[in-house]
Amino acid sequence: MLSCSRVGHVTFAPDEPALRAQLGATLPGGTAWRCLRCGTFVLGAPALSGPASTAPVVPRGPEIRSKLILRLFALERFARAVLLGALAVALWRFVANRASIEAALNRDMPVVRDIFGDLGVNISHSTIYGLVQHALTLSAGTALLLAIGATAYAAVEVIEGTGLWLAHRWGEYFAMIVTSLGLPLEIYDLTRKASVLALVLLVVNLALVLYLIITKRLFGVRGGKAAYDTRLRSESVLAEAQRLAAGQNSSHPASAVPASAPDQH
């Protein structure tokens, strides 16, 4: 109902008379057609029509909840893209203005160190200071490669997040493959130096891979795409109408004319 209120109802008038009788209704206000998403009868002309085989497969129930879960994963990917994008911008600026940055640090760092020293903070032992000092030791080629890598990684996260947000099958495959390729490296990093953040990221990525494979039936798992599409159609309003129409036809069989038996006398 929430989806229909945001994007509108999806009504369909099938060509088959038995199905039209199930999906259409005559109300005091005029003809109404049943929405394929929420099941409500909506007054007015149908949005679509044609043979039942051409009816759109509209996500309902569990599939809508699945789309919401994918969008939560997509938001996490977009957050990563923002962080990586900021890192890429910083690296590109460092590559382009390394000499001026290094000169400014050499000029201003003693003053900054004294200010923090008066506050009782030794920034020489801070992580940020260590990262800055390490960056200054990088060669121009290494800094350029890091900038290119951060940019490419951010672009991959944007593509991954977009595919998950739209719930397109290509996006599900892309997210599953890209995330799977990074799992061995994440596990290796955890064996070297365990941290809460690294563990959380590993759990999130592993959960995404398993969720996509099991629920979306990627790479032929649980029958693959054919079984996935069959499940979607079996849960649709149209499939329910087809079952009702078939039940009515079976309860009202066509009258048969008995054959005349030959006279035995």
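The values are calculated or read from the model by the stated rules, or taken from the named source; none is laboratory data. Values in this document were obtained by computation on a predicted structure and should not be read as measured data. Neighbour counts are summed over all protein chains in view; Cβ atoms, including those assigned to glycine, are modelled from backbone coordinates with ideal geometry.
If you check PHE94 against the conditions, is it aromatic (Phe, Trp, Tyr), within 28 Å of ARG169 (Cα to Cα) and in a helix (DSSP H, G or I)?
So PHE94 does not fit the description; no.
Where the second residue is charged (D, E, K, R) and the first is assigned by TED's automatic domain parsing to the domain that holds ARG80 and lies in segment 134-152, which pairs have Cβ atoms under 8 Å and are six or more apart or on separate chains?
Short answer, once both residue conditions are applied: LEU136/GLU102; ALA140/ARG98; ALA143/ARG98.
Mind checking whether some residue in segment 78-85 is surrounded by fewer than 18 Cβ atoms within 10 Å (Cβ to Cβ) and under 26 Å from GLN242 (Cα atoms)?
No, segment 78-85 has no match at all.
Output the residues belonging to segment 184-226 that are of a type outside the set (A, V, I, L, M, F, W, C), within 24 Å of ALA167 (Cβ to Cβ) and over 17 Å from the mean Cα position of the chain (by Cα).
Within segment 184-226, GLY220, ARG222, GLY223, GLY224 qualify.
Could you check segment 23-74 and list, in sequence order, the residues that are among the polar types (S, T, N, Q) and touching an Asp or Glu at 6+ places or on another chain (Cβ under 8 Å)?
Hit for segment 23-74 is SER49, nothing else.
Give the number of residues within segment 29-43 that are surrounded by fewer than 14 Cβ atoms within 10 Å (Cβ to Cβ) and part of a strand (DSSP E or B).
Result for segment 29-43: 2.
Consider segment 4-27. How many of its residues are touching a residue at least 12 places away in the same chain (Cβ under 8 Å), within 15 Å of SER53 (Cα to Cα) and surrounded by 15 or more Cβ atoms within 10 Å (Cβ to Cβ)?
Result for segment 4-27: 8.
Write out, first by first residue and then by second, each pair whose Cβ atoms fall under 8 Å of each other, whose residues are 6+ apart or on separate chains, and whose first residue, in segment 226-247, is under 20 Å from PHE41 (Cα atoms) and surrounded by 13 or more Cβ atoms within 10 Å (Cβ to Cβ) while the second is among the basic types (Lys, Arg) and modelled with pLDDT of 80 or more.
Every condition considered, the pairs that remain are GLU235/ARG60; SER236/ARG60; VAL237/ARG34; VAL237/ARG37; VAL237/ARG60; ALA241/ARG34.
Among the residues of segment 49-56, is there at least one that is touching a helix residue (DSSP H, G or I) at 6+ places or on another chain (Cβ under 6 Å), without any contact (Cβ under 8 Å) to a residue 60 or more places away in the chain and more than 30 Å from THR179 (Cα to Cα)?
Checked segment 49-56: no residue is touching a helix residue (DSSP H, G or I) at 6+ places or on another chain (Cβ under 6 Å), without any contact (Cβ under 8 Å) to a residue 60 or more places away in the chain and more than 30 Å from THR179 (Cα to Cα).
Run ALA32 past the list (1) outside the structural domain of LEU146 (by TED's automatic domain parsing); (2) modelled with pLDDT under 90 and report the number of the one that doesn't hold.
(2)
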